[in-house]
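Chemist: Got a structure for you, questions after.
The values are calculated or read from the model by the stated rules, or taken from the named source; none is laboratory data. Treat the numbers as computed from the prediction; the structure is a model and nothing was measured. When we count neighbours, we look across all protein chains shown, and the Cβ atoms used for this are built from the backbone with ideal geometry, even at glycine. The accessibility values were calculated without ligands, DNA or RNA, using every heavy atom of the protein model including side chains. Shrake-Rupley method; radii C 1.70, N 1.55, O 1.52, S 1.80 Å.
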Amino acid sequence: MLSLLRPITTAAIAVSLLGTAVVHAWSRCRNQPGDPGFPTAADWSALNDTIYGRLIRVMPSAKACLELGCTEAQWESGIFRQTIPGAMFAYNWEQHYGPPPELCLRNGTTCAQGDVPLYAVNATAVQHIQAGIRFSQNHNLRVAIKSSGHDLLGRSTARNSLLLWTAYFKNITFLENISIAGADQGPVVTVGSGVGLKTIYVSAKAQNKMFVGGTAATVSAAGGYIQGAGHSAFSPIYGLAADNVLQYRIVLANSSFVTANSVSYPDLFWALRGGGAGSWGVIIDATFRTFPTFNATLHTVNVLTATLDQTGDLMTTHAMHIKDWDAVRAGQYFALTGSTSNSTLSLNTTFKDLDGDASRAQMSSFLDDARALGAVVQEESTITSLANDIVTVPDDQSLFNLIFSSRLIPNSVYLNAPSNIGTAYKQLLSQGVPVVGGVVVGGVFPCPIFRPYFTLIVPVGQVATNANISSAIIPAWRLAKTHVIVPQSWDDTLSADDVQALRRNFTATVQPVLSELAGGAFSGSYSNEGDVLEPNFAVTFYGPNYSRLECIKAAYDPNDLFIVLAGVRSEHWDVGGMCQV
């Protein structure tokens, strides 16, 4: 472990509690330093003894790296950063932009705690998590839950909180079958909530197995990823990651340790699959279906345009051809990088059981039409290997200040109004958006049958087919052809006030464009890659499931111990999750 994870002493605790008192007379607030109910140094020391010396003082990643002497490569490494308890993948979520601002920036001259927790329970056993929860309940503390910190909405960190850190739950167990309610569920893998996707792919390869996961190396499969939904390059074949979860083991707000599946705590199991990250408890591990491994080809290509109109035409053409790959259930990640002049569309398309030549043939019709527009096709290549070897990357680069806005774009838009896609991309580029990304997730298409007056809706891909699964996944996933994402970043020279203004402007300008493209006020978004400032997050992230989620939340967490930005019942709390409103 890091040298930063040294045992904490009573003296160190006492010193750390010195500082500006934050006094809250209102009893409906969590306790913070300076409040009469905030734990004393002796209280913290007693907690440390209870968990056998695993309480650690948390510091922002910039300060931790200063003490450790991090290299620039380490600072940017997702794998390295996940070993620092206070580090977030996007480190803007560590900052408190105020007012007043409290920042701790890389190579900065000052460092404040910001929105980083005060202490962490460095858990390696269920009992450590239970002790942290009981302590937080007894002292009315704000709680944060974090595994890898690969969280793009800032839900894994909280100002003046106690962090329940699960990064060292590293168990991986493969079984050829598991029985739930007397029914054989087939081969599975159970992974601890600290295990990253890259590690699972490598371990699964050794077992000749594959599981449904994303492309990022450091995302923890049994964390927020599956609580949101979890898209994958192989979602058109196997569905969303959450569709393939069979069971969770989780510590609840009352500190009980339970198993949630289709017959044990079924309402909680329903909520955990799509009801939002960080709202339900501390996941210890999760059990996923596995599949026989297979060969796949990753096809990559760049398409260059020279004008804004040409870019719009290219994205309309892409929209018209996106159904070309339905028959082979290809997955595709795409990103348009550009401006009002030249742009580059990068496509990474994954084909199961096709070789390089067959994959090129699948892409040829679209690329030919792109050339006919005057676009330039460059750097077309293919890699054929076991799926485990090509689905992810060795490490994740995480030096960014980063926020997102996104929408699930219905298949009907691609079928009936593909030019709307091109128009939306042009509008975003005209607003100064430098990158628009996306992923093909599936969709449905209308198929006329031999009966008058109606059309049969036929699923295309497993995400749509899995609409029959009972889960809290927003229904917009089942009708979506793509998930379109717009990122926004900035450098550290921007003032705190300017960052706040940038965020407000981002929401005000990008969200309406995506919303209109996706169908308006009731359009849906992926809660793990969305905007925490969504004006109606309950509808956008949870849709018709929100009222049921609120009821389940009230049953299992009546005091809202687990509150996160844009999570269930967060509208009843202030932005920091400290005071009820």
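Chemist: Please determine, by comparing only the residues of the stretch 73-112 that are more than 25 Å from the chain's Cα centre (by Cα) and not in a loop (DSSP other than H, G, I, E, B), which one is nearest to G53 (Cα to Cα).
Modeler: C111
Chemist: Now, a different point. Of all the residues that make up the stretch 113-166, how many are of a type outside the set (G, A, S), free of Cβ contacts under 8 Å to residues at least 12 places away in the same chain and either under 17 Å from V564 (Cβ atoms) or assigned to a loop (DSSP other than H, G, I, E, B) (or both)?
Modeler: Of the residues in the stretch 113-166, 0 are of a type outside the set (G, A, S), free of Cβ contacts under 8 Å to residues at least 12 places away in the same chain and either under 17 Å from V564 (Cβ atoms) or assigned to a loop (DSSP other than H, G, I, E, B) (or both).
Chemist: Now a separate question. For residues that are at pLDDT below 95 and either acidic (D, E) or loosely packed, with under 15 Cβ neighbours inside 10 Å (or both), tally how many sit in the stretch 12-52.
Modeler: Number satisfying all stated conditions: 11.
Chemist: Which numbered condition trips up F169, out of (1) among the aromatic types (F, W, Y); (2) within 22 Å of T392 (Cα to Cα); (3) open to solvent by less than 10 Å² (accessible area, probe 1.4 Å)?
Modeler: (3)
Chemist: Another question about this same structure. Filter the stretch 467-484 down to the residues that are more than 19 Å from the chain's Cα centre (by Cα) and part of a helix (DSSP H, G or I), then identify the one that is surrounded by the most Cβ atoms within 10 Å (Cβ to Cβ).
Modeler: Once the filter is applied, the top-ranked residue is L479.
Chemist: Which is in contact (Cβ under 8 Å) with a residue 60 or more places away in the chain, touching a strand residue (DSSP E or B) at 6+ places or on another chain (Cβ under 9 Å) and either of a type in the set (D, E, K, R) or open to solvent by 30 Å² or more (accessible area, probe 1.4 Å) (or both), of T199, T190, T215?
Modeler: Within the list T199, T190, T215, the selection yields T215.
Chemist: Evaluate the following for N107: is it over 25 Å from A204 (Cβ atoms) and at pLDDT below 95?
Modeler: Spelling it out, N107 is indeed over 25 Å from A204 (Cβ atoms) and at pLDDT below 95.
Chemist: When you look at F334, is it among the aromatic types (F, W, Y) and touching a helix residue (DSSP H, G or I) at 6+ places or on another chain (Cβ under 7 Å), yes or no?
Modeler: For F334, the condition - among the aromatic types (F, W, Y) and touching a helix residue (DSSP H, G or I) at 6+ places or on another chain (Cβ under 7 Å) - is not met.
Chemist: Return the only residue of A319, A370, A358 being in contact (Cβ under 8 Å) with a residue 60 or more places away in the chain, over 26 Å from Y238 (Cα atoms) and surrounded by 15 or more Cβ atoms within 10 Å (Cβ to Cβ).
Modeler: Of the residues listed, the single one that is in contact (Cβ under 8 Å) with a residue 60 or more places away in the chain, over 26 Å from Y238 (Cα atoms) and surrounded by 15 or more Cβ atoms within 10 Å (Cβ to Cβ) is A370.
Results for (1) among the aromatic types (F, W, Y); (2) in contact with a helix residue (DSSP H, G or I) (Cβ under 7 Å, 6 or more places away or on another chain); (3) under 26 Å from N138 (Cα atoms), shown as yes or no for each residue.
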{"site": "K481", "(1), (2), (3)": "no, yes, no"}
{"site": "V486", "(1), (2), (3)": "no, yes, no"}
{"site": "A496", "(1), (2), (3)": "no, no, no"}
{"site": "Q500", "(1), (2), (3)": "no, no, no"}
{"site": "G530", "(1), (2), (3)": "no, yes, no"}
{"site": "A554", "(1), (2), (3)": "no, no, yes"}
{"site": "G567", "(1), (2), (3)": "no, no, yes"}
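Chemist: Now, a different point. Can you name the condition, by its number, that V116 falls short on among (1) open to solvent by less than 20 Å² (accessible area, probe 1.4 Å); (2) farther than 28 Å from S570 by Cβ; (3) β-branched (V, I, T); (4) within 24 Å of the chain's Cα centre (by Cα)?
Modeler: Only one criterion in (1) open to solvent by less than 20 Å² (accessible area, probe 1.4 Å); (2) farther than 28 Å from S570 by Cβ; (3) β-branched (V, I, T); (4) within 24 Å of the chain's Cα centre (by Cα) is unmet by V116, namely (2).
Chemist: From the list F234, F291, exactly one residue is under 27 Å from G78 (Cβ atoms), at pLDDT 95 or above and touching a Pro at 6+ places or on another chain (Cβ under 9 Å). Which is it?
Modeler: F291
Chemist: Hey, any hits in the stretch 309-323 for a residue that's within 26 Å of the chain's Cα centre (by Cα), farther than 23 Å from T423 by Cα and of a type in the set (A, V, I, L, M, F, W, C)?
Modeler: no
Chemist: With (1) in contact (Cβ under 8 Å) with a residue 40 or more places away in the chain; (2) more than 11 Å from R407 (Cα to Cα); (3) of a type in the set (D, E, K, R); (4) not in a loop (DSSP other than H, G, I, E, B) as the list, and D498 as the residue in question, which single condition is left unmet?
Modeler: Condition (1) is where D498 drops out.
Chemist: Does S255 qualify as being open to solvent by 10 Å² or more (accessible area, probe 1.4 Å) and among the hydroxyl-bearing types (S, T, Y)?
Modeler: So S255 fits the description; yes.
Chemist: Return the residues of the stretch 61-112 that are of a type in the set (D, E, K, R) and in contact (Cβ under 8 Å) with a residue 40 or more places away in the chain; say none if nothing qualifies.
Modeler: K63, E67, E76, R81, E94, R106
Chemist: Among the residues in the stretch 485-495, are any closer than 23 Å to A327 by Cβ, at pLDDT below 95, of a type outside the set (S, T, Y) and not in a helix (DSSP H, G or I)?
Modeler: Scanning the stretch 485-495 turns up no residue that is closer than 23 Å to A327 by Cβ, at pLDDT below 95, of a type outside the set (S, T, Y) and not in a helix (DSSP H, G or I).
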